[in-house]
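> Quick one: structure below, then a few questions.
The values are calculated or read from the model by the stated rules, or taken from the named source; none is laboratory data. Every value quoted in this text rests on a predicted model; they were computed, and no experiment measured them. Heads up, the Cβs are rebuilt from the backbone with ideal geometry, glycines too, and the neighbour counts pull from every protein chain shown.
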Amino acid sequence: MRVLIAPDKFAGTLTAVEAAEAMAEGWRRRSPGDQLDLAPMSDGGPGFVGVLHTALGGDLEVVTVPGPHGEPTPATLLLVDQTAYVESAQACGIELTGGEGVEVASTVGVGRLVEVAVEAGARTVVVGLGGSGTNDGGAGLLHALGATADGRLDAGPLRLSDVTGVDLGPARERVAGVRLVAASDVDVPLTGLFGATKSFGPQKGVAEERIALLDGLLEQLAVATDRRLSLEKGAGAAGGLGFALMLLGAERRPGIDLVSEAVDLPGRAAAADVVLTGEGAFDFSSRSGKVPYGVAQVAAEALRPCVALAGQVLVGSREMRALGVEAAYSLVELVGEERALGDPAGALAELAERVARTWSRE
């Protein structure tokens, strides 16, 4: 039997590569004769560069950039021919902020990564958006690439209160002739009821009573640059990094689609008998550009069943099938939360072994 294993990361515990290997280990225990094809996935968030390096090869360049609070932070750039891949979470991720200081956290480091990619000769720069701990509308990125304003762009959203005009000319000149791609797993606008601050601010540490203030500051940035673009889907991705990239001419693409193409997921799904995917929490928000939904759609097009293994399964059977998944299995239900967090690889392997008893023909 041919099994395609295409999980996302299990946030906080396993990378996508580690999750795929754990699932493969468990499946082999039960069905050693099955042929396993490992295709770790990403939607543009943490693990984006690692997944693409595993699939495409290329050269990794480690760069030190300013972190969200200005601290020197190592980040990795992937160069494949004349295309560079950048993972914004490495420079401004919530793992770097710990969910604190979002009001003064900046995306300067992401801009620096884009600058290094251009200096290295990249003609296309793909920026994976997701997992950010920032909410500055991408002002820091614009500053790093040369944009100027009548206030500070590099000190987080609070300092945007002084900004009434922005000169994007130097930044646009810096990336002239370079194709920018924003790889995003969310389609929210920059501001408003469904914008970046309201949708994702609380998980980054924004207090409820501060949401309106920070949203208003991003609105001020939009008025100073291009309010029409701020309303576009994906402008609110990564705390507004999507908006900043759009201001520089970037096209937006769902991260899962980009990675699927890079690893030839459709071709590999067609060659499989069953497709496994997974993530930390499988819920209905997975439909919003997340890996399990994207993998399930590819499996459906190939007329192959898709099975999800997750830390937690938070949908019923009806919602699960609406997401294109035949069956979903919970790590926490099998081994308990303590073991799932304490030994995630071992627990996931055990779950995969159980799943193989049902789905393998061996």
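> Please tell me if A327 is outside the structural domain of A171 (by TED's automatic domain parsing), buried (at least 20 other Cβ atoms within 10 Å of the Cβ), among the aliphatic types (A, V, I, L, M) and within 17 Å of A6 (Cβ to Cβ).
Values: outside the structural domain of A171 (by TED's automatic domain parsing): yes; buried (at least 20 other Cβ atoms within 10 Å of the Cβ): no; among the aliphatic types (A, V, I, L, M): yes; within 17 Å of A6 (Cβ to Cβ): yes.
Criteria not met by A327.
> Just name the residue that is surrounded by the most Cβ atoms within 10 Å (Cβ to Cβ) out of those in region 91-119 that are β-branched (V, I, T) and touching an Asp or Glu at 6+ places or on another chain (Cβ under 8 Å). Give the derivation first.
Narrowing region 91-119 to residues β-branched (V, I, T): 94, 97, 102, 104, 107-108, 110, 114, 116, 118.
Right, trim to touching an Asp or Glu at 6+ places or on another chain (Cβ under 8 Å) and you get 107-108, 116.
On the way: T107: 33, V108: 28, V116: 19.
This residue is T107.
> Another question, then. Just a yes or no: is a residue in region 5-20 in a helix (DSSP H, G or I), farther than 21 Å from G130 by Cβ and out of contact with any Asp or Glu (no Cβ under 7 Å at 6 or more places or on another chain)?
Start the filter on region 5-20 by keeping residues that are in a helix (DSSP H, G or I), which leaves 16-20.
Still in the list and also farther than 21 Å from G130 by Cβ: none.
No: region 5-20 contains no residue that is in a helix (DSSP H, G or I), farther than 21 Å from G130 by Cβ and out of contact with any Asp or Glu (no Cβ under 7 Å at 6 or more places or on another chain).
> So, one more: Of everything in region 148-158 that's of a type outside the set (A, V, I, L, M, F, W, C) and in contact (Cβ under 8 Å) with a residue 12 or more places away in the chain, which residue is surrounded by the most Cβ atoms within 10 Å (Cβ to Cβ)? So that I can check it myself, show each step before the final result.
So in region 148-158, the residues of a type outside the set (A, V, I, L, M, F, W, C) come out as 148, 150-152, 154, 156-157.
In the following step, the residues that additionally are in contact (Cβ under 8 Å) with a residue 12 or more places away in the chain were identified as 148, 150-151, 154, 156-157.
Details: T148: 14, D150: 11, G151: 17, D154: 20, G156: 26, P157: 31.
Here the answer is P157.
> Consider P170 against the criteria (1) of a type outside the set (A, V, I, L, M, F, W, C); (2) surrounded by fewer than 24 Cβ atoms within 10 Å (Cβ to Cβ); (3) without any contact (Cβ under 8 Å) to a residue 60 or more places away in the chain; (4) closer than 28 Å to G101 by Cα: it satisfies all of them except one. Which criterion is unmet?
(4)
> Taking the criterion of being under 30 Å from R304 (Cα atoms), surrounded by 23 or more Cβ atoms within 10 Å (Cβ to Cβ) and either touching a residue at least 60 places away in the same chain (Cβ under 8 Å) or among the aromatic types (F, W, Y) (or both), would at least one residue in region 246-258 satisfy it? Please lay out each step first, then the result.
Start the filter on region 246-258 by keeping residues that are under 30 Å from R304 (Cα atoms), which leaves 252-258.
If we keep only those that are surrounded by 23 or more Cβ atoms within 10 Å (Cβ to Cβ) too, we end up with 255-256.
Still in the list and also either touching a residue at least 60 places away in the same chain (Cβ under 8 Å) or among the aromatic types (F, W, Y) (or both): 255-256.
Yes; the residues of region 246-258 include at least one that is under 30 Å from R304 (Cα atoms), surrounded by 23 or more Cβ atoms within 10 Å (Cβ to Cβ) and either touching a residue at least 60 places away in the same chain (Cβ under 8 Å) or among the aromatic types (F, W, Y) (or both).
> Count, please, the residues in region 31-61 that happen to be assigned to a strand (DSSP E or B) and either in contact with a Leu (Cβ under 8 Å, 6 or more places away or on another chain) or crowded, with 17+ Cβ neighbours inside 10 Å (or both).
Step one: list which residues in region 31-61 are assigned to a strand (DSSP E or B), which gives 35-38, 59-61.
If we keep only those that are either in contact with a Leu (Cβ under 8 Å, 6 or more places away or on another chain) or crowded, with 17+ Cβ neighbours inside 10 Å (or both) too, we end up with 36-38, 59-61.
Qualifying residue count, region 31-61: 6.
> Let me ask you something else. With a cut-off of at least 1 residues that are within 20 Å of V49 (Cα to Cα) and within 21 Å of the chain's Cα centre (by Cα), name the helices (runs of 4 or more DSSP H) lying wholly within region 225-320.
On the way: elements: 227-230, 241-247, 255-262, 265-270, 291-301.
Per the criteria, 241-247, 255-262, 265-270, 291-301.
> Any residue that is more than 25 Å from A345 (Cα to Cα) and modelled with pLDDT of 95 or more - is there at least one of those in region 36-53?
The initial filter retains those residues of region 36-53 that are more than 25 Å from A345 (Cα to Cα), namely none.
For region 36-53, residues more than 25 Å from A345 (Cα to Cα) and modelled with pLDDT of 95 or more: absent.
So that you can scan it fast, the table gives a plain yes or no per residue for (1) over 16 Å from Q220 (Cα atoms); (2) among the acidic types (D, E):
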site: C92; (1), (2): yes, no
site: E100; (1), (2): yes, yes
site: S106; (1), (2): yes, no
site: G133; (1), (2): yes, no
site: L141; (1), (2): yes, no
site: A155; (1), (2): no, no
site: F200; (1), (2): yes, no
